[in-house]
Amino acid sequence: MLALAALIVAATPRATDYSRPELFSAVRAFAPGKPFLVGLRFTIKPGWHVYWHNPGDSGQEIRVRWALPKGWQASPLMWPKPDVMLDSGFVNYGYERQVTVLARLTPSAQKGTVRANLDWLVCDKEMCLPGKVTLALRIGSAANPKAGTVIAKALSAMPKPFNGSARARLDGKNVILEITLPRKGEVAKSFLPFDPAVIHNSATQTVMINGNSATFTLAKSEYFDARQTRLRGIVVGTKLPSNSTFFSEIDVPLQRTSGEKP
Amino acid sequence: MKLRSLVLVSFAVAAVIVGSGFRALGGAEVGSAAPAFSLPSNTGATVSLDQFKGKYIVLEWTNQGCPYVHKQYGTGNMQATQKWVRDHGGVWLTMDSSAEGRQGYMTAEKATELMKTAQMSSNAILLDPDGTVGHLYGAKCTPHMFIIDLKGTVIYNGAIDDKPTTDFDDVKTAKNYVKAALEEAMAGKPVTTPTSRPYGCAMKYKN
C-alpha cells in the first residue's frame with residue numbers, strides 16, 4: 001500500500017509548479033514593539049486557484065505557521081476579497097492569478113530570521129495539489145526593492161471596515177444579519193462568510209432591502225460549529241447610480257435568541 | 001457561470017428582495033430518512049440502499065486522484081475503517097460520482113481493479129457518473145462520509161476525521177468520526193458528533 005502511495009506521489013506534479021509563494025517585507029530596520037507588515041504573495045498559473053480563509057464547499061485555506069525570533073508575535077492573516085467560483089452548484093472562495101495575504105509582525109529586541117511554514121492547496125477544475133514549503137526572510141538586511149509596492153497594493157486590496165451598524169442572530173435554521181449601510185444609494189447584494197461552518201456556503205441568500213438597510217436571511221451551515229460566537233465576513237454591495245461594487249468587512253457577535261441552544 | 005440573482009420589487013412595502021446564491025438546500029440531513037437509491041456496482045449488479053435495511057451503512061464518496069483520498073488510502077486508514085465496519089456487521093458502499101472524462105471517473109472494470117490493488121473491504125464501489133445520488137445526498141467533496149442506522153435514518157454527515165490536511169502523519173493523531181459515531185450508535189448511545197465539516201477535493205460532477 002505504501003509503495004502504491006509512493007508511486008502516486010512520484011508521478012504527481014508539484015504545487016509549486018502552479019503556485020509560487022514569496023515572502024515580502026519593506027522594513028529596513030525594526031524597532032522592538034513597533035509592528036510592521038509582511039506580505040505572502042502567490043503567483044498562480046492561469047486556470048488554477050488557491051483558497052480563502054473559508055475555502056467553501058471543498059478545498060483548503062492558505063495556512064502559515066510562523067517560526068519567529070524570540071518574543072516576536074504575528075497577527076492572524078489578513079485576506080483580500082476572494083473570487084466566488086462555482087462548479088455544479090457548489091461554491092469555492094479563492095484566488096486566481098495572484099494574491100497577497102498580509103500579517104502584522106510585532107518584533108522584540110531579538111534579531112533573527114522570520115520563517116513562514118506554509119501549507120496550501122492549489123487546484124484547477126480537475127486536479128488538486130498540496131503545497132508545503134518554508135520561506136525565510138531576514139528583516140532589515142537589504143529589503144527587496146519591490147516589497148514596498150507589493151505590500152501597499154495588498155493593503156489597498158483589503159476589504160474596507162464596515163462603517164454602518166450591523167447585528168446578527170441565530171434564528172432556528174437561519175442566521176439573520178441586519179445591517180444599515182452608511183450612505184444612501186448603497187445596496188447590499190450578498191454576504192461572503194469568513195468562517196467555513198457558520199452559514200451554508202452554497203445556499204440561496206435572501207436579502208430584504210429597505211432604503212440603505214438590509215436584512216439577510218442566511219441558511220445556517222449544516223456543519224454549524226456551536227463554538228462560533230461571531231459572524232465574520234464580507235458584505236458585497238452596489239453603489240447607485242454608478243453601479244460600482246464595494247466590499248465591507250463585518251465582524252459582529254452572533255447572538256442567540258432566547259431558547260436557542262448555544 | 002454567473003451567480004444566480006433574483007430581484008423582486010414590491011411597491012406596497014417599498015422593499016426589494018434580492019436572492020443571490022447557487023442552489024436550493026437539500027441533501028441527506030442527520031435525523032432524516034436516508035434518500036433511497038439504486039446504482040450499478042463494480043460487479044455489474046444493481047445495488048439498492050433498501051436491500052441493506054436493518055444494518056448500519058456507511059457511504060464514502062471517493063476520487064482516487066484527490067490528495068485527501070490519498071492520505072486516507074496511503075496510510076491504510078480508510079481500508080482499516082472499512083474492515084472494522086464490515087467486521088462489526090455493517091455495510092460499506094464506496095461511491096464514485098465523478099463524471100466520465102473528469103478526475104476519478106471509473107468504469108466497472110477499473111473499480112474492481114482498485115478494490116483489489118488498494119485492498120479495500122467495501123461491499124462494492126457504486127458508479128454514479130451522472131452525479132444523481134451525489135447530488136441527492138449533497139456530497140460536497142472527497143472524501144465525504146455518511147452513516148445510516150438500522151432504521152434507515154442518517155446519523156452522520158461529514159468528514160472522515162478532524163484533521164483537514166493532506167499530511168499522512170496527521171492520520172495517527174486524528175479522531176476518526178465515522179468509527180466514533182458507529183461505536184456510540186452500536187452501544188445504543190447518541191452520536192456525540194453527528195455532523196462535521198467535510199474536507200477534501202471538489203466533486204467532479206457532470207456539468
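The values are calculated or read from the model by the stated rules, or taken from the named source; none is laboratory data. Worth saying up front: this structure is predicted, and the values here are computed from it rather than measured. Reconstructed Cβ throughout: ideal geometry from the backbone, glycine too, with neighbour counts over all protein chains shown. The area values use the complete protein model at the heavy-atom level, side chains included, leaving out ligands, DNA and RNA. Shrake-Rupley method; radii C 1.70, N 1.55, O 1.52, S 1.80 Å.
Data table
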read-out	value
For the protein assembly as shown: rounded, prolate or oblate by the Cα gyration tensor [a/c cutoff 1.5]	oblate
Residues of the stretch B:62-80 buried by at least 20 Å² on assembly (accessible area, 1.4 Å probe, chain alone as reference)	B:67, B:68, B:70, B:74
Across B:71/B:179; B:140/B:172; B:140/B:179; A:111/B:71, pairs whose alpha-carbon gap is larger than 28 Å	A:111/B:71
Whole-Hz ³J(HN,Hα) from phi, Karplus 6.51 cos²θ - 1.76 cosθ + 1.60, for the stretch A:205-217, glycine and proline x	9, 10, 10, 9, 10, 9, x, 9, 9, 9, 10, 8, 10
Peptide-level mean, for A:91-103, of C-beta atoms on other protein chains within 10 Å	1
Chain A - mean residue ellipticity at 222 nm from DSSP helices (-39,500 (n - 2.57) per run, n ≥ 4, rounded to 500)	-2000 deg cm²/dmol
Dimensionless Rg/Rh of chain A - Kirkwood Rh, Rg from C-alpha atoms	1.01
Listed residue (B:203, B:76, B:117) projecting farthest to the positive dipole end of chain B, Cβ model	B:203
Relative compactness, the stretch A:13-156, computed as alpha-carbon Rg over 2.2 N^0.38 Å	1.08
Kirkwood Rh and Cα Rg combined as Rg/Rh, the stretch B:116-175	1.00
Using a Förster distance of 22 Å, the FRET efficiency for residue B:130-residue B:51 (Cβ separation, nearest 0.05)	0.55
Dipole magnitude of chain A, debye to nearest 20 (Cβ charges: Lys/Arg +1, Asp/Glu -1, about Cα centre)	1080
Residues of the stretch A:160-255: accessible area per residue with a 1.4 Å probe, Å²	45
Kirkwood hydrodynamic radius (C-alpha pairs) into Stokes-Einstein, the stretch A:149-262, 37 °C and 0.692 mPa s, D in µm²/s	222
Drop in accessible area of at least 40 Å² in the complex versus isolated chain, residues of the stretch B:134-161, 1.4 Å probe	B:140
The stretch B:28-116: chymotrypsin sites (Phe, Trp or Tyr not before Pro) in DSSP loop, at most 15 other beta carbons within 10 Å	none
Degrees between helix A:2-11 axis and first principal axis of chain A (Cα, 0 to 90, nearest 10)	90
Shape category assigned to the stretch B:88-207 from the gyration tensor of Cα positions, a/c cut at 1.5	prolate
Unmatched cysteines, the protein assembly as shown - criterion: no other Cβ of a Cys under 4.7 angstrom	B:141
Local electrostatic count at residue A:232 - Lys and Arg +1, Asp and Glu -1, tallied over other residues with Cβ under 9 Å	-2
Pair residue B:83, residue A:152: separation of 7 Å Cα→Cβ label points (nm)	6.2
Given charges at beta-carbon only (K, R positive; D, E negative), |dipole| of chain B in Debye	300
Full-extension gain in nm, residue A:251 to residue A:165, via 0.36 nm per residue minus C-alpha separation	29.9 nm
Of all accessible heavy-atom area on the stretch A:160-255, the percent that carbon and sulfur account for (1.4 Å)	50
Across B:55/B:83; A:45/B:110; A:220/B:55; A:81/A:239; A:220/B:163, pairs whose alpha-carbon gap is larger than 26 Å	A:45/B:110; A:220/B:55
In nm, spacing of pseudo-spin labels at residue A:109 and residue A:195 (7 Å Cα→C-beta vector)	3.9
Tilt relative to chain B, helix B:108-117 - C-alpha long axis, 0 to 90 degrees, to 10	50
Low-density loop cleavage sites - GluC sites (Glu not before Pro) in the stretch A:160-262, where at most 11 other Cβ are within 10 Å (DSSP)	A:260
Inter-label distance for residue B:172 and residue A:180, nm, one decimal - labels placed 7 Å from Cα along Cα-to-Cβ	5.7
Percent accessible area from carbon and sulfur atoms, the stretch B:98-207, protein chains only, probe 1.4 Å	52
Å² of accessible area per residue within chain B, as computed with a 1.4 Å probe and no ligands counted	43
Whole-angstrom gap from the stretch A:140-199 to the stretch B:65-135, using each part's C-alpha centre	40
Acute angle (nearest 10 degrees) that the helix A:147-156 long axis makes with the longest principal axis of chain A, alpha-carbon atoms	10
About the Cα centre, charge dipole magnitude for the stretch B:29-112 (Lys/Arg +1, Asp/Glu -1 at Cβ), debye	200
